[in-house]
Amino acid sequence: MRDNSVINYLICSHCRKEVIIKVPFKEKLLEYDISQGLNEYLIQRKLETKYPQSHQFGTIIPFGYMDKYGAIIMERIRGDDLKTYLLKSNHHLHTKALGCAGAWLRYLHNSCPRGYENQHIDVEARIQYLDYTYGNPLRRNKTAYSAFSYLKKESAKIKTISIPATWGHGDYKPENIIYDGVKYIGLDIQLKDYSVFVYDLASFLNHLIIMGQGIRYRRMKSCYSQLEKGFLEGYGNIGQADKYLLHWIQLYFMLCYWGRYQLQNRFFAAYANGYILPTLTDLQAKIYSERIYEVG
């Protein structure tokens, strides 16, 4: 079961292959935009040929789409999502798995038909968004506001740097990559925007950081630096300027996560204060460690 859909496991009566049928919840069908399912199916079709499918990396293969139900028929993948795998496996396997997750993402970015083009991050728009949307809770919390102030301070330098842009996964996180013991398969690929490549990296690493705040994944917290290194080395060709922008985007995303929870209820606010707030100081330190200083 996913956030807005039910996953049905069946066997095709013609080819006898195991298949999945992903169907929106009935109670949400009226508000569900049928084009969302069709768009997901068309993305899967596109990636079937654009992504370099191999014995180690790939994307899910679609078999068909049912307009009436907004349902997608696709191959069944046996295995664990990476979040579950990291919990079940020995920790010496984690760095290898994270390296493969980085490599999978690099193949996705490289497969963009448009190729890479350098872009700047619109830092003013992001600072304004944070201030307008979450300004009140940010100002009420000393740690969060300190992180927000540091983000603004570094924005003057950030906006001068351009790095490669490509199409993006749109929701890259450990839960959206399946490992069956041999092959890594990406899920829920959105290809929404053509933007700087570090967005997908920041999303994945932030989910990894937040996982490490939980009791079940606490052992990952102590070796996060090693896991991050493995992920980035798997992705490959990451320079100091790239890391500087990456950590800035990570801090921006974390402040968005934290602010969104603060605007909901006390339970979500407490979750954010326990799981997200402690990460802000560490991300500021990472930005500082990769900061590019003016020469002369």
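Residues Phe267, Phe57, ordered by accessible area of protein heavy atoms at a 1.4 angstrom probe radius and largest first, appear as Phe267, Phe57.
Only Lys, Arg, Asp and Glu carry charge here, each on its Cβ (+1 for the first two, -1 for the last two); on that basis segment 205-254 has a dipole of about 320 debye about its Cα centre.
Annotation: His92 carries an accessible surface of approximately 120 Å², with a 1.4 Å probe and no ligand, DNA or RNA atoms counted.
Which FRET efficiency value, to the nearest 0.05, is calculated for Tyr224 and Asp67 with the Förster distance at 35 angstrom and r the Cβ-Cβ distance? Using R0 = 35 Å, I get an efficiency of 0.20.
Stretched out straight at 0.36 nm per residue, the stretch from Asp131 to Tyr194 would grow longer than its current Cα-Cα span by 20.2 nm. Between Tyr65 and Ile73, the built amide H atoms are under 5 Å apart, and every one of these is 5 or more places off in sequence or on another chain. Solvent exposure of segment 1-155 amounts to 59 Å² per residue of accessible area, where only protein heavy atoms count and the probe is 1.4 Å. The apolar share of the surface of segment 196-296, taken as the fraction of accessible area on carbon and sulfur atoms (1.4 Å probe, ligands and nucleic acids excluded), comes to 54 percent. A 1.4 Å probe over all protein chains sorts Leu151, Leu263 by accessible area into Leu263, Leu151, starting with the largest. Per residue, the solvent-accessible area of segment 186-296 (1.4 Å probe, heavy atoms of protein chains only, all protein chains present) comes to 47 Å². Note on segment 126-202: Kirkwood radius taken over Cα pairs, Stokes-Einstein applied at 25 °C and 0.890 mPa s, translational D equal to 161 µm² s⁻¹.
Under the classification rounded if a/c is under 1.5, otherwise prolate if a/b is larger than b/c and oblate if not, where does segment 36-117 fall, given a ≥ b ≥ c as square roots of the Cα gyration tensor eigenvalues? Judged from the Cα gyration tensor, segment 36-117 comes out oblate (a/c at least 1.5, b/c at or above a/b). For segment 65-147, with all protein chains in place and a probe radius of 1.4 Å, 47% of the accessible heavy-atom surface sits on carbon or sulfur. Between helix 224-235 and the chain, what is the angle of the helix's C-alpha long axis to the longest principal axis, kept within 0 to 90° and rounded to the nearest 10? Rounded to the nearest ten degrees, it is 60.
The HN-Hα couplings worked out from phi for segment 53-61 by the Karplus form 6.51 cos²θ - 1.76 cosθ + 1.60 (θ = phi - 60°) are 4, 8, 5, 10, 9, x, 10, 5, 9 Hz, whole numbers, x standing for Gly and Pro.
Expressed as a fraction of 2.2 N^0.38 Å, the C-alpha radius of gyration for the chain is 1.05. Please determine, in degrees from 0 to 90 and to the nearest 10, the orientation of helix 240-262 with respect to the longest principal axis defined by the Cα atoms of the chain, where the helix direction is its Cα long axis. Approximately 80 degrees, to the nearest 10. Rounded, prolate or oblate: which one fits segment 194-296, using the alpha carbon gyration tensor with axes a ≥ b ≥ c (rounded when a/c is under 1.5, else prolate when a/b beats b/c, else oblate)? It is prolate, given that a/c is not under 1.5 and a/b is the larger ratio. For the set Ser225, Ser111, the ranking by accessible area, highest first and with no ligand, DNA or RNA atoms included, is Ser225, Ser111 under a 1.4 Å probe. The C-alpha atoms of the chain define a longest principal axis, and helix 34-50 lies at about 90 degrees to it. With N counted as the residues of segment 151-241, its alpha-carbon radius of gyration over 2.2 N^0.38 Å works out to 1.22. With the Cα gyration tensor of segment 86-155 giving a ≥ b ≥ c as the square roots of its eigenvalues, does the rule (a/c under 1.5 for rounded; else a/b larger than b/c for prolate; else oblate) give rounded, prolate or oblate? Oblate.
For Lys183, the lysines whose Cα falls under 24 Å of its own Cα, not counting residues fewer than eight places away in the same chain, are Lys17, Lys22, Lys46, Lys50, Lys83, Lys88, Lys96, Lys173, Lys229. Rounded to the nearest 10 Å², what accessible area does Cys256 show when all protein chains are kept and the probe is 1.4 Å? Surface accessible to solvent at Cys256 totals approximately 10 Å². For Lys88, the accessible surface of its heavy atoms amounts to roughly 140 Å² (probe 1.4 Å, protein chains only, rounded to the nearest 10). What the Cβ-Cβ distance of Tyr9 and Leu93 gives, at R0 = 22 Å and to the nearest 0.05, is a FRET efficiency of 0.20.
The values are calculated or read from the model by the stated rules, or taken from the named source; none is laboratory data. Owing to the predicted nature of the structure, the values given are computational and were not obtained by experimental measurement. Please note: Cβ atoms are built from the backbone with ideal geometry, for glycine as well, and neighbour counts cover all protein chains shown. These area figures cover heavy atoms from the full protein model, side chains too; ligands, DNA and RNA do not enter into them. Shrake-Rupley method; radii C 1.70, N 1.55, O 1.52, S 1.80 Å.
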